[in-house]
Amino acid sequence: MLAAPRRGTRAAGARVLVALAQFAAVSVIVFAMTSLLPGDAAEIVLGRDATPEQVATLRTQLGLDRPLPERFADWVGGLLHGDLGRSLVTGQPVAAEVGGRLGQTALLTGLALIMLVPLALGAGVLAGRRPGSPVDRALTGVLVAAQAVPEFALGLVLVAVFSLQLGWLPATAAGGAFTGAEVLVLPVVVLVTNHLGRLARQIRVGVLDTDRAEHVVHLRRLGLPERVVLWRHVLPGAALPSIQQLARIVDSMLGGVVVVEALFALPGVGSGFVDAVSARDLPVVQGYALLYAATTIGVNLVADLVSARLLPHREVLG
Amino acid sequence: MSSPVLRVRGLGARVPSAVLLDGVDLDLEPGRVLAVVGDSGAGKSTLAAALLGEAAAGVELCGEVTVAGTDLGPTDPEPVRRARRAGRIGLLPQHPGTALDPVRRVGRVLDELAALVHTGRDERRAAVDSALRTAGLGPEHARRFPHQLSGGQQQRAALALTLVTGPSVLVLDEPTTGLDPLTTAGVVANLAGLAAHGTAMVLLTHDLDTARALADDALVLERGRVVRRGPADDVLGPAPGPAPDPAPGDDRTPRLVATGLRVVTSAGTAILDGVDVRAAAGDVHAVIGPSGAGKTTLARALAGLVTPGAGTVVVDGVGLPPALDRRSAARRKAVQYVHQDARSSFLARRPVLEQVARPGVLLRGLPPGRARGEGSELLERLGVDAGTAARRPSGLSGGQLQRAALARAMLADPAVLVGDEVTSALDAGHRRELLAALDALRRDRGTTLVLISHDLSLVGSVADEVTVLGGGRVADHGRAGQVLGRLRAATAGPPVAATGRAPSA
C-alpha cells in the first residue's frame, strides 16, 4: 500500500516490456506476409500476366529463393538497423519512403492537436461548469453536429467556400510537399472539427463530476480562490481521464487520415499506404504495417504511463 | 474575560415545508470548545454547514455569523464570502477521505492553502510543516497521494488542510468517526493542544466520550432547536461504567477456522502475516488494532475479497476457495462482509430496498417479493422505515446506509458475518437497535460474528473473544475481558500521538 513508488516503477517497467513484446509479435506477423502467404508472394505481386522470368527476378529481389530461417534472420537484422528493403516501384529504401511521409503526417497531427486540446478543454469547462445552461446546450449541440458531419463533406464545403469562392487558401497540395503553411489550414480544421466533439464532451462530463466532488467543494469551503480550484483541482481531475481518448485520436491521426489526405492531396502516411497497396509494393506495405503497429503501441504505452503517473489511484497498470 | 471570537445570532435553515435549524445563538471565546450533540437528523450537520454559510440545494439560510469581528454574512456573493472564510473559519468534514484530491499530493494542496495567508515560500513551508505536525503526520506524508494513506492518516491529512490557514474557529463534524481508540486519543490530544493555543472549536459529535474529553460547554440539538445548553459536565453527564460481560454461547463447535492467513502487496510487503482466527457458532469475535494493522485486510480475506497468498478459511468444516469468484453461491452465502464505507457499497441508481433484498434472491433462491418483504422487515427492525428504504442511496444518511448494508448481509443468512466498523456512523439509539439485531441473529441462527472495531466500549460489551492485530500479526488474542484488561494496562502510560501510523514500506 505504501510502497507505491517502487511498485509504480516496476509496473511501468512491466508495461514497457509488454509493449516491446507486442511489437515483436507484430513484426513476426508482418514478416509472415511475404513468406507464409499461400502460393508465392512474387506471383501475387506481379499478377497472372507475369512471365516466368519476371517472377524469378522478383523472387530473387524479395529473397524468396533463400531458406526461411535465413530470410527471417535477415529480416530481424534489417529491422534492427532500420533497413526494411527497397520499394519495388521506386527502388528507394522503404524506411526513407515511409519515414518521409510520417514526417508530413506528424506535422499535420501536431498542428491539429495544438488546436484540438485547448479547444476541447475550453468547451468542456464552459459546458461542464454550468450544466443545462444555454451555453452548455449550445456547445453540446454544435459539437454533436460537427462530429456528425463526415470529413469528406466538410472538406468539400470548406474547399468550395475558402478556395474556390473566396480564393483565400489553396484547395490541395497537389504537385508538391507541404510547402506553405496555408496548405495545412483546411486539413487541420477538418481534423479538429471531427475529433473535437468526442473529446470535449468527455471533458465536459469530467468537469461536471469533479466540480461537485466533495474535495473540490471542501477546498472552496476552506477559502481557496476559484482560479486555483479550477486550474489545479477541477481541470486535472476532469481532463486526465481523457488521456486515453486523446491517445486513440493521436493514434488514428498518425495512422494516416486517408480521407483528409486524399481530399487535399497531401503526401502523408494514409495516401502512401493506399498507393503502396494498389501498386502491390509488398516491402512498402510491410513498412507501413510496422509503422502502424509502432504508433499504436507507442501512443498507448505513453498514455498508460502518463495515466499511471498522474492518476495513481486508478491503478491503470494493475 | 476575552471577547467572543465566534458570534452567531439567529442562525436558521429552512426548506419550504420545514425548519431544519431554528434561530441558533452562539458565543465562543478563543480556546473554548463547544460540543453540539444530538441524534441523527437533529440538525448537527446542517449547523456545521450553516456556520460556513453553506446549505444544501433548496435550503434557505438566515441569521448572522461573525468571526473575529468579520461578518461572514450569507447574503453576500460567494467569492466575497470565500475570501472572508479563508484563515478565519475551517471545517473538518465528516468523511475526511473524500475531502482530499485523489490526483494531487497532500503537500501540494497544503501549499496552495498556505498561500492564502502567507506569501513567502519559506513561510508557506513552515505553515505546512506545522499543520502536518499538529495533525499528527510527518513531513514524509506530504509527498503521498491520498490513496497511499491509511484511513486514520487521511483523517489527519484532512485536519492538516483545515489547520494550515490557521483559522480562529474550527468546526469539527464527527472528527473521530471510524478511528481506532489510539488514533482517537491522538486526535483528541491534538485538538486539545489547538484549543490551548487559542483556537475556538465547535465539535459536532455523537461520540460522548470525545465530547467529554474536549468540550468546555455543550448544547443539545433536537429537531433543529437548542433544547439544553451549559457546562459540558452538566449537559453530557458522567461517563458510564463498564458494561457487564455477556454470557458466552453454549455451542462451542468451531464454525469459522481461519489458519495462517498471509496477504502480501505486489511490492512484497506483508499486510497480514500468519493470522489465525477461530470462532464458535453464535460467538462474537472482535478484531481490534491501530490503523494500518491489517484489520480490514483480514476481514476482506475471510470474505474472499482479497486472495491470501497463504492460509485457509474453513466454515462449518468446509474449506472455502480463497478467491471469491471460485466460490459457489452456497460458499458465498457462508461468509458475508459488511463494508466499512457503506455508501460506496451501494449502487447509486437503484432503490436501497431492492439492493438489500438481492442476496436473498441470489444466494438463497427466494422469490423477489419475499426477499423484499424480509428486507423491509429487517430494515424496520433496524430503524429504517419503508419510505426511506424505497429511496436511492443518495436519499439516506450515512447511518441509515450502514444499517441497510448490515441488513443486506443478514438477508443472505450467512454462517459467518464479518462487519467492518458497522456502528461507526450510528448514534446511541440506532446503535442499540443494530446490536439487538446482531444479538438476535447469533442467538436464533447461530451466526458467528466477526466485528472489526475501533470502539473499545462496544468490543467490551459484545465480544466473546478478541484478536488484537499489530503490523499484520496477531499481537494478542483471548477472552474479551482478559485481552481488554491487558490492553488498558499497556496503553495507560505511553503517549499516543505517534502510534497508529502504518509502517512505511
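The values are calculated or read from the model by the stated rules, or taken from the named source; none is laboratory data. Just so it is clear, the structure is predicted and the values come from calculations on it, not from any experiment. Positions of Cβ are generated from backbone atoms using ideal geometry, with glycine treated the same way; all protein chains shown enter the neighbour counts. Areas reflect the complete protein model, heavy atoms only, side chains present, ligands, DNA and RNA absent. Shrake-Rupley method; radii C 1.70, N 1.55, O 1.52, S 1.80 Å.
Please report how far the C-alpha centroid of region B:57-109 lies from that of region B:24-53, rounded to the nearest whole angstrom.
Here the answer is 14 Å between Cα centres.
Between the helical axis of A:68-80 and the dominant principal axis of chain A, each derived from Cα atoms, what acute angle in degrees is found, rounded to the nearest 10?
Its long axis makes an angle of about 40 degrees.
In whole angstrom, note down how far apart the Cα centers of region B:403-428 and region B:130-156 are.
30
Would you work out the charge dipole size for chain B about its Cα centre, treating the Cβ of every Lys and Arg as +1 and the Cβ of every Asp and Glu as -1, and quote it to the nearest 20 debye?
In debye, rounded to 20, chain B gives about 1480.
How many percent of the accessible area of region A:103-280 is carbon or sulfur, using a 1.4 Å probe?
Of all accessible area on region A:103-280, carbon and sulfur atoms account for 69 percent.
Given all pairs of different Cα atoms, what value in angstroms does the Kirkwood hydrodynamic radius of region B:394-486 take?
Here the Kirkwood hydrodynamic radius works out to 14.2 Å.
Hey, what's the Cα Rg ratio for region B:115-165 versus the globular rule of thumb, 2.2 N^0.38 Å?
1.10
Just reorder A:His81, B:His118 by solvent-accessible area, largest first, 1.4 Å probe, all chains present.
A:His81, B:His118
For B:147-157, what's the mean count of beta carbons from other chains sitting within 10 Å of each residue's beta carbon?
2
Answer with one residue from B:Ser457, B:Ala425, B:Gly136: the one whose Cα lies farthest towards the positive end of the charge dipole of the protein assembly as shown, charges on Cβ with Lys, Arg +1 and Asp, Glu -1.
Farthest towards the positive end: B:Ser457.
In Å², what does the accessible area per residue of chain B work out to with a 1.4 Å probe?
42
How many percent of Cα pairs in region A:71-178 exceed 21 Å?
Taking all Cα-Cα pairs of region A:71-178, the fraction more than 21 Å apart is 64 percent.
If you average the sequence gap of Cα pairs under 8 Å that are 6 or more apart and divide by the length of region A:103-280, what percent do you get for the contact order?
32
Have a look at region B:274-491 and give its Rg and Dmax from the Cα atoms, expressed in angstrom.
In Å, with Rg to one decimal and Dmax whole: 16.8, 53.
In debye to the nearest 20, how big a dipole does the protein assembly as shown give about its Cα centre with +1 on each Lys and Arg Cβ and -1 on each Asp and Glu Cβ?
380
Would you kindly find the accessible area of B:Thr312, with a 1.4 Å probe and non-protein molecules such as ligands, DNA and RNA excluded, rounding to the nearest 10 Å²?
70
Can you list the residues, at least 5 places off or on another chain, whose amide H is less than 5 Å from the amide H of B:Leu91, using H built in the peptide plane?
Here B:Val171 satisfy the definition.
Using only atoms on other chains, find how many Cβ atoms lie within 10 Å of each Cβ of peptide B:93-105 and report the average.
6
Between the chain alone and the structure with every protein chain in place, find the residues of region B:49-89 that drop at least 40 Å² of accessible area; heavy atoms, 1.4 Å probe.
Buried by the other chains: B:Glu54, B:Arg82.
Just the Cα atoms of chain A, one point each, no solvent: what log10 I(q)/I(0) does Debye give at q = 0.06, 0.11, 0.13 Å⁻¹?
The Cα Debye sum returns log10 ratios of -0.30, -0.86, -1.07.
Restricting to region B:274-491, compute how many DSSP beta bridges are antiparallel as a %, nearest 5.
Close to 35 percent.
Check B:Leu21: other-chain or 5+ apart residues with amide H under 5 Å from its amide H, H built from backbone geometry?
B:Ala13
Looking at chain B, what % of the alpha carbon pairs are farther apart than 32 Å?
44
Report which residues of region B:264-283 become buried by 30 Å² or more of accessible surface when going from the isolated chain to the complete set of protein chains (1.4 Å probe; DNA, RNA and ligands ignored).
When all protein chains are present, B:Ser266, B:Ala267 each give up 30 Å² or more of accessible surface.
Please compute, over every Cα-Cα pair in region A:49-95, the percentage with a separation greater than 15 angstrom.
Result: 54 percent of Cα pairs exceed 15 Å.
Whenever you get a sec, compute what percent of the accessible area on region B:6-236 sits on carbon and sulfur atoms (1.4 Å probe).
After summing per-atom areas, the C and S share lands at 48 percent.
With solvent modelled as a 1.4 Å probe, how much accessible area in total do chains A and B shield from it at their shared surface, in Å² to the nearest 100?
Summed over both sides, the interface buries about 2900 Å².
Compute the helix-to-body angle for A:282-310: its Cα long axis versus the longest principal axis of chain A, expressed 0 to 90° and rounded to tens.
The angle comes out at about 20 degrees.
Taking the alpha carbon gyration tensor of region A:103-280, what are the square roots of 5 times its eigenvalues, largest first, to the nearest whole Å?
Rounded to whole Å, the semi-axes are 37, 17, 13.
Express the relative contact order of chain B as a whole percentage, based on alpha carbon pairs under 8 Å and six or more residues apart in sequence.
This gives 16 percent for chain B.
Can you tell me, using C-alpha contacts under 8 Å and at least 6 residues apart, the relative contact order of region B:274-491 as a whole percent?
This gives 32 percent for region B:274-491.
Kirkwood hydrodynamic radius, the protein assembly as shown, all distinct C-alpha pairs: what's the number in Å?
Computed over Cα pairs of the protein assembly as shown, the Kirkwood hydrodynamic radius comes out at 31.2 Å.
Give the residue from B:Ala437, A:Ala12, B:Gly309 lying farthest towards the positive end of the charge dipole for the protein assembly as shown; charges sit on Cβ (+1 for Lys and Arg, -1 for Asp and Glu) and the dipole is referred to the Cα centre.
After comparing all options, I get B:Ala437.
Taking the alpha-carbon set of region B:6-236, what are its Rg and Dmax in Å?
Expressed in Å, the Cα Rg and Dmax of region B:6-236 come to 17.1, 52.
Can you give me the long-range amide H partners of B:Gly419? Hydrogens built in the peptide plane at 1.01 Å from N, cutoff under 5 Å, separation of 5 or more residues or another chain.
B:Val338, B:Val450, B:Leu451, B:Ile452
Compute the acute angle (0 to 90°) between the alpha-carbon long axis of helix A:182-212 and the principal axis of greatest extent of the alpha-carbon atoms of chain A; round to the nearest 10°.
40
How much area per residue is accessible in chain A when the probe is 1.4 Å and only protein heavy atoms are counted (Å²)?
49
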